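Take a look at this one; I'll ask things after.
The values are calculated or read from the model by the stated rules, or taken from the named source; none is laboratory data. Quick caveat, the model's predicted, so the values are computed rather than measured. All Cβ positions, glycine included, derive from the backbone under ideal geometry; neighbour counts span all protein chains shown.
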Amino acid sequence: MPDQPGGLERNAAAGPVKYSVWWGSSRTIRAASLRDSVLKGKMTQENAEKILAQPVDEYEILVRGANMHVFKQRGEKAFESAAWVQLKKSKQKLIPTHVLFRKGPDGASVIGAVFFFSKKGTNGAPTITPDENEIDFYLLIADQKLITYFEPKKMVDNQGADL
């Protein structure tokens, strides 16, 4: 019952929650998102092309789900320590530099969470090298662990590696 303390939280957490995880900084994903904005009349094709031509400074992983209540409840800062990327070959673990929530049309609801990871280590070397075969993404959400992986050698477009 919604009028009971915690009633909404219990209802929001009932049943399995499905999430989609995207390598958001990839040109392919960015192009699709920008095309969607053009088709919805939110921006011009010219502006979309300008944005797509700009390089991104960090790797971005986007998590979306039908129920993002726990994200809104805990806040962006809490998720900085709840996610990481594990590189299979180098065994390196990367933590997000920061997390930003994407908001819904109402400006209050959370419709996605973007996790940002540095492209360069403290020594200036790339954090993800071209010979990396698998990148695992881990995210602790409430009492569950979301795990997925990416295969960089398969993430290519006509310009090469698409991370």
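Of the conditions (1) touching a Lys or Arg at 6+ places or on another chain (Cβ under 7 Å); (2) of a type outside the set (Val, Ile, Thr); (3) modelled with pLDDT under 95, Pro105 clears all except one; give me its number.
It fails just one condition, (1).
May I pose another question? I'd like to know if region 64-84 contains one or more residues that are at pLDDT 95 or above, over 23 Å from Asp143 (Cα atoms) and within 15 Å of the chain's Cα centre (by Cα).
No, the conditions are met nowhere in region 64-84.
Is one or more of the residues making up region 130-153 under 17 Å from the mean Cα position of the chain (by Cα), aliphatic (A, V, I, L, M), exposed (fewer than 14 other Cβ atoms within 10 Å of the Cβ) and part of a strand (DSSP E or B)?
Checking region 130-153: at least one residue is under 17 Å from the mean Cα position of the chain (by Cα), aliphatic (A, V, I, L, M), exposed (fewer than 14 other Cβ atoms within 10 Å of the Cβ) and part of a strand (DSSP E or B).
If you check Ala113 against the conditions, is it of a type in the set (A, V, I, L, M, F, W, C), within 18 Å of Ile29 (Cα to Cα) and either modelled with pLDDT of 95 or more or in contact with a helix residue (DSSP H, G or I) (Cβ under 7 Å, 6 or more places away or on another chain) (or both)?
On the way: of a type in the set (A, V, I, L, M, F, W, C): yes; within 18 Å of Ile29 (Cα to Cα): yes; either modelled with pLDDT of 95 or more or in contact with a helix residue (DSSP H, G or I) (Cβ under 7 Å, 6 or more places away or on another chain) (or both): yes.
Yes; evaluated as a whole, the condition is true for this residue.
From (1) touching a Phe, Trp or Tyr at 6+ places or on another chain (Cβ under 6 Å); (2) closer than 16 Å to Val21 by Cβ; (3) charged (D, E, K, R), pick out the condition that doesn't hold for Lys93.
With respect to (1) touching a Phe, Trp or Tyr at 6+ places or on another chain (Cβ under 6 Å); (2) closer than 16 Å to Val21 by Cβ; (3) charged (D, E, K, R), Lys93 is out only on (2).
With surrounded by 18 or more Cβ atoms within 10 Å (Cβ to Cβ) and not β-branched (Val, Ile, Thr) as the only criterion, which of Pro96, Pro105, Pro126 stands out? Write out each step before concluding.
On the way: Pro105 fails: surrounded by 18 or more Cβ atoms within 10 Å (Cβ to Cβ); Pro126 fails: surrounded by 18 or more Cβ atoms within 10 Å (Cβ to Cβ).
Criteria check complete, one pass: Pro96.
Test each condition in (1) of a type in the set (D, E, K, R); (2) touching an Asp or Glu at 6+ places or on another chain (Cβ under 6 Å); (3) within 13 Å of Tyr19 (Cβ to Cβ) for Lys145 and report the one that comes out false.
So the condition that Lys145 fails would be (2).
I'd like to know if region 78-92 contains one or more residues that are over 24 Å from Pro130 (Cα atoms) and exposed (fewer than 13 other Cβ atoms within 10 Å of the Cβ).
Yes, some residue in region 78-92 is over 24 Å from Pro130 (Cα atoms) and exposed (fewer than 13 other Cβ atoms within 10 Å of the Cβ).
Under the condition of being modelled with pLDDT under 95 and not aliphatic (A, V, I, L, M), which residue from region 51-63 is surrounded by the most Cβ atoms within 10 Å (Cβ to Cβ)?
Filtering first and then ranking leaves Asp57.
Counting only residues that are closer than 28 Å to Pro126 by Cβ and either free of Cβ contacts under 8 Å to residues at least 12 places away in the same chain or in contact with an Asp or Glu (Cβ under 6 Å, 6 or more places away or on another chain) (or both), give me the strands (runs of 3 or more DSSP E) lying completely in region 18-112 with at least 2 of them.
Result: 83-87, 98-103.
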